[in-house]
Amino acid sequence: MAAPLDMELPAALSLELLPTDPLLLILSFLDYRDLVSCCYLNRRLNQLSSHDPLWKRHCKKYWLISEEEKSRRNESWKSIFISTYSDLGRYIRYYATLKKAWDDLVKYLGQWCPRMIGSLKESVREEDLDAVEAQIRCKLPDDYRCSFRIHNGQKLVVPGLMGSMALSNHYRSEDLLDIDTAAGGFQQRLGLKQCLPLTFCIHTGLSQYMALESVEGRNKYEIFYQCPDQTSRKPSAIVMFITGTSYLEWFTSYVNKVVTGDYPIIRDQIFRYVHDKECVATTGDITVSVSTSFLPELSSVHPPHYFFTYRIRIEMSKDALPEKACQLDSRYWRIINAKGDVDEVQGPGVVGEFPIISPGRVYEYTSCTTFSTTSGYMEGYYTFHCLYYKDRFFNVTIPRFHMVCPKFKETNPNEPAVDEDEDSTATDDTEDRPRVLDIPEPSGHCPHHT
């Protein structure tokens, strides 16, 4: 039924007439871009979008600004957001993730590796990163730049921030390079064209590289260890052991393994052993657990030679009776590669020792093995004798533990090989750049299967 002609229709609802609280609630769901856009629509929205509590969420979400920092700066949330955005706005996709990773890492190091904190460098300026790009004539990815706006890597010291590894006669510890040292090691030689080193080990020359362009079979921003083809006469023939698809993924995944305890702290150093939580076996009162690590600097794809180290922890329950104390006499191993080939090893002690295990005591040791396939596993047992009943012997199970080589990619550069007499480590500006990152041939030997 139609309304009478003389009935008044309700006036159009105006934005000016809407109550403030519901509008602020609606604006609180907007992202910072839309909140800024509201400033330009009309006077009312301009006033509402400047409501300071609306910017608190964005400051915390994107810049990790705490209440304490706001009080210290004595600024409004909006002004803090705007000033931070003017400095770091290009990194807004990455900053919170990388800042949290750095904060978590520094906090963890302060508790477990305090001397390593002194090696960290302060942030670099935007113009410093621009200068490096001009020097190497290549763009740096924003996630990499963002990380260096927080911390400029570390000094070339031992131990390195990016983890250590130690065997009987082989040691390495990787530093996270500062931006200037990384730029000095930027590569233009065949096999490593347009690759920037991220890490460096003073002892072995080992580096992890990031590809800044998609050349020579690499994906842009891929991170890898290089592995020269030892069967090739061509210096540029290398294989890449892939360690990350981007700087953000590479760095944050490493930090996560450190701060969650997946990588153990041993003698005030981070050791990059990976422990499978299911790789534990208990026999009576004795528990054996194993963690493993792949060593790219001692490995090769051509010829196939994949080098792994493993760390074994043997522990007797603290609740065990004192008469359960015992001594390790011998070991037995079954080593099986990916083809199913079996190798059996038996011998006295472990790494030349015959450890005594008693209630609550832990014994740990490190050894190594190699495979001609990209993966394999080991299992076996230790034979102990009781100290109180010397004629009583028993076996303790070693859990099966698998070792798998990282994914690798063979690069097949189309460029012709360089002349045999040419210095294959040269870069475009050889005379101006420090050459501290030349990589020696892999070498080293360790006792196997102990």
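The values are calculated or read from the model by the stated rules, or taken from the named source; none is laboratory data. If you're wondering where the values come from, they're calculated on a predicted model, not measured in any experiment. As a convention, Cβ positions derive from the backbone with ideal geometry for all residues, glycine included, and neighbour counts pool all protein chains shown. Note: areas computed on protein heavy atoms with side chains; ligands, DNA, RNA excluded. Shrake-Rupley method; radii C 1.70, N 1.55, O 1.52, S 1.80 Å.
What's the number of the condition residue 116 fails, among (1) at pLDDT 95 or above; (2) of a type outside the set (Phe, Trp, Tyr); (3) open to solvent by less than 50 Å² (accessible area, probe 1.4 Å)? Looking at each condition in turn, residue 116 falls short on (1). From the list 236, 293, 253, 289, the one residue that fits, being closer than 30 Å to residue 118 by Cα and touching a residue at least 40 places away in the same chain (Cβ under 8 Å), is 293.
Across region 33-57, the number of residues qualifying as within 21 Å of residue 94 (Cα to Cα) and touching a Lys or Arg at 6+ places or on another chain (Cβ under 9 Å) comes to 2.
Residue check: residue 282 meets all listed conditions (1) over 26 Å from residue 242 (Cα atoms); (2) touching a Lys or Arg at 6+ places or on another chain (Cβ under 7 Å) but one, namely (2).
Scanning region 260-280 for residues that are in contact with a helix residue (DSSP H, G or I) (Cβ under 7 Å, 6 or more places away or on another chain) and buried (at least 19 other Cβ atoms within 10 Å of the Cβ) yields a total of 2.
Elements of the type strands (runs of 3 or more DSSP E) sitting completely within region 261-343 and holding at least 1 residues that are more than 30 Å from residue 232 (Cα to Cα), modelled with pLDDT of 95 or more and polar (S, T, N, Q): these cover 274-283, 286-294, 326-337.
Please go through region 344-361 and pick out each residue that is part of a loop (DSSP other than H, G, I, E, B) and either farther than 17 Å from residue 288 by Cβ or at pLDDT 95 or above (or both). 349, 352, 354, 355, 358, 359, 360, 361 - these are the residues of region 344-361 that are part of a loop (DSSP other than H, G, I, E, B) and either farther than 17 Å from residue 288 by Cβ or at pLDDT 95 or above (or both). Within region 13-30, take every residue that is open to solvent by less than 90 Å² (accessible area, probe 1.4 Å) and assigned to a loop (DSSP other than H, G, I, E, B) and give me the one that is modelled with the lowest pLDDT. For region 13-30, the residue satisfying everything is 14. Restricting the search to region 311-335, which residues are surrounded by fewer than 19 Cβ atoms within 10 Å (Cβ to Cβ) and either closer than 23 Å to residue 372 by Cβ or touching a Gly at 6+ places or on another chain (Cβ under 6 Å) (or both)? 318, 332, 334 - these are the residues of region 311-335 that are surrounded by fewer than 19 Cβ atoms within 10 Å (Cβ to Cβ) and either closer than 23 Å to residue 372 by Cβ or touching a Gly at 6+ places or on another chain (Cβ under 6 Å) (or both). For region 194-209, the criterion of being over 30 Å from residue 369 (Cα atoms) and not polar (S, T, N, Q) is met by at least one residue.
Only one of the numbered conditions (1) within 23 Å of the chain's Cα centre (by Cα); (2) more than 15 Å from residue 177 (Cβ to Cβ) is violated by residue 127, and that is (1).
Would you pick out the residues in region 31-54 that are open to solvent by less than 40 Å² (accessible area, probe 1.4 Å) and either farther than 18 Å from residue 85 by Cβ or in a helix (DSSP H, G or I) (or both)? Correct list: 32, 35, 38, 44, 45, 48, 49, 54. Among the residues of region 25-56, the one identified as aromatic (Phe, Trp, Tyr) and over 36 Å from the mean Cα position of the chain (by Cα) is 40.
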